[in-house]
Amino acid sequence: MTQSPDFKRNQAVGLDLGWINQIKVNRNATDRRAASLVNRRTVKKEYQAAWLVKAIQCIDLTTLGGDDTPGRVERLCMKAMRPLRSDLVEALGLPGLTTGAVCVYHEMIAPAKQVLAGRLPIAAVSTGFPAGLTSLETKVREIELSVAAGASEIDIVITRQHVLTGNWQALFDEMVAYRQACGEAHVKAILATGDLLTLENVAKASWVCMMAGADFIKTSTGKEGVNATIPVALTMVRTIREYFERHGFMVGFKPAGGVSSAKSAMQYLTVMKEELGNAWLAPHLFRIGASSLLTDIERQLEHHVTGNYSANHRHAQP
């Protein structure tokens, strides 16, 4: 992750159960705020193009299929390094444009590393992704192996039962172990918010993971029945803001699962700008986990450049 020299990586601050137990979330107010963000008029023309370019820079270009092959991952990495067709890059004046990272399973780190050669971060999903129901020893070892293989970011999944049963100490201890296993690699804590039932659970899980040292909090694995939503995003970014105000550490946010259109990417960018400010609109603090999003963004940028939309099949699929 690229960041300013004075950026302070999140450090574990200790579990404050008094703070966790008093957390409340007003669901109706959250839904109203989410609706106001989603339904407002969006920016147009060159301003929209600039926002879409920002979205590209913050994408974790992802392939997490059981049918992944080294060839597919190599194509993904090439697309990450050249996310737009050369004519669009030239027209927009964007030499060197890349996505924020690529995200793959452990077994695909090696082919990704061979293609990227250190030019982009490699994020690996870990800890029994997506269910997270393997032993703690297995999860920790999986992290260690992925870091040794070349992953500079690790997307871990929390044990959802700790949240559903209110066992915040167990969740904290688990997250601390994951952070320690990551070493210098940055860790993104996937909350699998669609499994957590309430926004209060989402807020509390976010706080516990940040207190344990998570560098990012992430909505979903993309495998749950419900993945990223704007109300969940609002809840999570507001915990990030409060955490920064109380402890001075800037934690990143990553929506994932179902973010497949340029319009939806713009909505999450708006949430970040309005709730956290421009400082969070950077790849070291905001990522979008996506596989097909880039295709729609490219179509929108082609329309900006040429005045015409093109069919999806004309754009290279990652």
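The values are calculated or read from the model by the stated rules, or taken from the named source; none is laboratory data. This one's a predicted model, so the numbers in the text were calculated from it and none came from an experiment. For neighbour counting, all protein chains shown are included, and Cβ atoms are generated from backbone atoms with ideal geometry for every residue, glycine included. Keep in mind that these areas ignore ligands, DNA and RNA; they rest on the heavy atoms of the full protein, side chains included. Shrake-Rupley method; radii C 1.70, N 1.55, O 1.52, S 1.80 Å.
Of the numbered criteria (1) open to solvent by less than 10 Å² (accessible area, probe 1.4 Å); (2) in a helix (DSSP H, G or I), the one ALA214 fails is (2). When LYS8 is tested against (1) part of a loop (DSSP other than H, G, I, E, B); (2) within 28 Å of ALA262 (Cβ to Cβ); (3) open to solvent by 50 Å² or more (accessible area, probe 1.4 Å), only condition (2) is not met.
Where in region 116-196 are there helices (runs of 4 or more DSSP H), lying fully within it, with 3 or more residues that are within 30 Å of LYS79 (Cα to Cα) and more than 20 Å from the chain's Cα centre (by Cα)?
Where helices (runs of 4 or more DSSP H) fall fully within region 116-196 and carry at least 3 residues being within 30 Å of LYS79 (Cα to Cα) and more than 20 Å from the chain's Cα centre (by Cα), they are 136-149.
Annotation: LEU97 fulfils all but one of (1) under 20 Å from the mean Cα position of the chain (by Cα); (2) crowded, with 18+ Cβ neighbours inside 10 Å; (3) over 30 Å from ALA177 (Cα atoms); the unmet one is (2).
Taken over region 232-256, the criterion of being open to solvent by 10 Å² or more (accessible area, probe 1.4 Å), without any contact (Cβ under 8 Å) to a residue 40 or more places away in the chain and within 15 Å of the chain's Cα centre (by Cα) is satisfied by VAL232 alone.
Considering ALA80, ALA49, the condition of being open to solvent by less than 30 Å² (accessible area, probe 1.4 Å), touching a His at 6+ places or on another chain (Cβ under 7 Å) and not acidic (Asp, Glu) is satisfied by ALA49 alone.
Among the numbered conditions (1) open to solvent by less than 30 Å² (accessible area, probe 1.4 Å); (2) of a type outside the set (A, V, I, L, M); (3) touching a strand residue (DSSP E or B) at 6+ places or on another chain (Cβ under 6 Å), the only one that HIS106 does not meet is (1).
Note on region 36-45: residues that are assigned to a helix (DSSP H, G or I) and free of Cβ contacts under 8 Å to residues at least 60 places away in the same chain amount to 2. Of all positions in region 46-56, none carries a residue that is over 26 Å from GLU275 (Cβ atoms), part of a helix (DSSP H, G or I), of a type in the set (D, E, K, R) and touching a residue at least 40 places away in the same chain (Cβ under 8 Å). Selection of region 110-125 for residues being surrounded by 20 or more Cβ atoms within 10 Å (Cβ to Cβ) and without any contact (Cβ under 8 Å) to a residue 40 or more places away in the chain yields ALA112, LEU116, ILE122, ALA124. Suppose the filter is closer than 25 Å to VAL104 by Cβ, open to solvent by less than 30 Å² (accessible area, probe 1.4 Å), of a type in the set (Gly, Ala, Ser) and without any contact (Cβ under 8 Å) to a residue 40 or more places away in the chain; does ALA189 pass it? Yes: the conditions hold for ALA189.
Taking region 259-298 as the range and being surrounded by fewer than 18 Cβ atoms within 10 Å (Cβ to Cβ) and out of contact with any Leu (no Cβ under 8 Å at 6 or more places or on another chain) as the test, the residues that pass are LYS263, GLY277, ASN278, SER292. Using the structure shown, decide if VAL140 is more than 23 Å from TRP280 (Cα to Cα) and free of Cβ contacts under 8 Å to residues at least 60 places away in the same chain. It is true that VAL140 is more than 23 Å from TRP280 (Cα to Cα) and free of Cβ contacts under 8 Å to residues at least 60 places away in the same chain. The residue pairs whose first member lies in region 264-291 and is within 16 Å of ARG33 (Cα to Cα) and free of Cβ contacts under 8 Å to residues at least 40 places away in the same chain, whose second member is among the charged types (D, E, K, R) and assigned to a helix (DSSP H, G or I), and whose beta carbons are closer than 6 Å, counting only pairs six or more residues apart or on different chains, are LEU276/ARG241.
Number of residues in region 90-115 that are under 30 Å from GLU46 (Cα atoms) and part of a loop (DSSP other than H, G, I, E, B) equals 8. Would you confirm whether any residue within region 61-81 is over 28 Å from PHE216 (Cα atoms) and assigned to a helix (DSSP H, G or I)? The answer is yes; a qualifying residue exists. Considering the conditions (1) within 23 Å of TRP51 (Cβ to Cβ); (2) of a type in the set (Val, Ile, Thr); (3) touching a Leu at 6+ places or on another chain (Cβ under 7 Å), THR229 is excluded by exactly one of them, (3).
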